[in-house]
1. Can you list the HN-Hα couplings for the stretch 94-99, worked out from phi with the Karplus curve (6.51, -1.76, 1.60; θ = phi - 60°), rounded to whole Hz and with x for Gly and Pro?
2. In what sequence, largest accessible area first, do VAL327, VAL301 appear using a 1.4 Å probe?
3. Rank these residues by their accessible area, most exposed first, probe 1.4 Å: LYS267, LYS288.
4. Of GLY180, GLY212, GLY266, which has the largest mean-square fluctuation in a 10 Å C-alpha GNM of the chain?
5. Taking only protein heavy atoms and a 1.4 Å probe, what accessible area per residue, in Å², does the chain have with all protein chains in place?
6. Tell me the mean residue ellipticity at 222 nm calculated for the chain from its helices only (DSSP H runs of n ≥ 4, each -39500 (n - 2.57), averaged over every residue, nearest 500).
7. Can you tell me the 0 to 90 degree angle between the C-alpha axis of helix 144-156 and the longest principal axis of the chain, rounded to 10?
8. What ratio of Cα Rg to 2.2 N^0.38 Å holds for the stretch 17-62?
Amino acid sequence: MTNDTAIGAHLTQALHAHYARNQRWGFMWALWTAILWGAWYVPGTALWFEHPYVDIPADQQSLRLAATAVMTWVHAITVFIFLLLWNGVLGKVKDYGRTMVRFRKISKWYALASLCGGPMAIFGSYMAMGFVGPVFAAVTSLFYPVIGAVIARLWYKEKISQRAAIGMAIIIFGGMVIYGPGLFGEMNISNNNAWLGYVGGIMSAIGWGTEGAVAARAMDVSDPDVGIHCRFTFEIMFWGLIILPALGLFTALPIQSLIIDTVTHGKAMLWIFLAAACHAYCYTAFYKSFSLIGVGRGEAVGNLYAVFALIFIAAFTLQLPQWYFIVGLVLTVLGSFVMFSESAESVAQLRDTDTAMEGV
């Protein structure tokens with residue numbers, strides 16, 4: 001063996017080890033996304049049973065929507081605090097400031113991601129929980145990996161192998177099996193306001209899928225920990241400087257009193273605190289997975305939240321899951337293994353770099 005051949009073989013081995021490490025860490029971050037996202041549905045739903053939200057009659061649509069906007073804004077502020085703590089420990093607060101001011105090149109994408117993930121996805125998910133129920137809120141979000149993967153593929157040519165596509169399909173089908181029976185049980189045609197929950201569910205799926213594709217565009221040139229901090233900063237601005245002030249000025253909705261009642265009610269803030277802790281670090285893991293294994297794979301493995309959501313719900317309600325939970329569990333885990341069994345090299349070059357970098 002010549003010296004050049006030996007060097008080449010050593011380089012190939014080192015690259016394989018690097019790709020395998022990135023793949024392993026990418027799927028680990030995506031799995032943490034699923035665990036924390038599943039946990040979020042417990043406090044997210046419980047919040048609707050606390051003052052001031054439990055006191056709002058079901059037929060007062062505009063007031064319930066305003067309350068949803070308030071809880072989403074307070075939730076975003078609390079998430080921001082957790083992320084500030086995270087980046088403070090990592091020593092990345094200065095990087096956060098530098099990224100925020102580079103609006104034209106980088107942070108504009110996080111601003112767009114915040115619109116998709118906040119006023120559309122998180123707001124829509126809270127709508128679905130409040131107007132229909134948590135099971136419906138979760139099942140409609142199961143389709144977001146398909147939306148994210150398609151947008152990433154069409155926009156900046158992110159690669160989706162046949163094996164990855166099969167794994168994604170199995171995970172989504174597993175989630176449908178888990179939530180399907182409960183979904184039909186929750187749908188109540190006598191509820192005249194249920195259509196708002198259905199709209200919210202669609203918003204959450206489109207919003208989270210689009211957010212992943214948009215945010216990934218900036219993560220080739222920025223840090224995921226910093227990026228998610230920028231994303232929630234913009235969401236706070238959109239709610240606090242534009243949407244809620246407009247509702248307070250141009251409508252008769254009691255926005256100010258809803259905010260005061262929320263932040264001064266201990267139990268409501270406890271649930272928001274717990275929900276924000278789950279979401280802050282769920283989103284941190286979410287964004288990290290995108291840069292390592294891509295939007296489609298990260299979102300598909302994140303879809304395992306369906307399993308973890310039912311585990312946490314069973315733990316809090318002390319009710320064992322039904323048989324279809326076991327079937328769905330097997331399918332979702334199988335789908336993850338199908339995706340993870342891809343060669344490490346297949347996720348080494350996730351997208352067309354020249355296309356992805358245009359305009360960044």
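The values are calculated or read from the model by the stated rules, or taken from the named source; none is laboratory data. Fair warning: this is a prediction, and the values are worked out from it, not measured in the lab. Reconstructed Cβ throughout: ideal geometry from the backbone, glycine too, with neighbour counts over all protein chains shown. The area values use the complete protein model at the heavy-atom level, side chains included, leaving out ligands, DNA and RNA. Shrake-Rupley method; radii C 1.70, N 1.55, O 1.52, S 1.80 Å.
1. For the stretch 94-99, the Karplus curve yields 5, 5, 4, x, 5, 6 Hz.
2. On the way: VAL327 65, VAL301 5 Å².
Greatest to least solvent exposure: VAL327, VAL301.
3. In descending accessible area the options line up as LYS267, LYS288.
4. Checking each option, the largest mean-square fluctuation is seen for GLY266.
5. Numbers: 15640 Å² over 360 residues.
Per-residue accessible area for the chain comes out at 43 Å².
6. Estimated from H runs of four or more residues: -25500 deg cm²/dmol.
7. 50
8. 2.03
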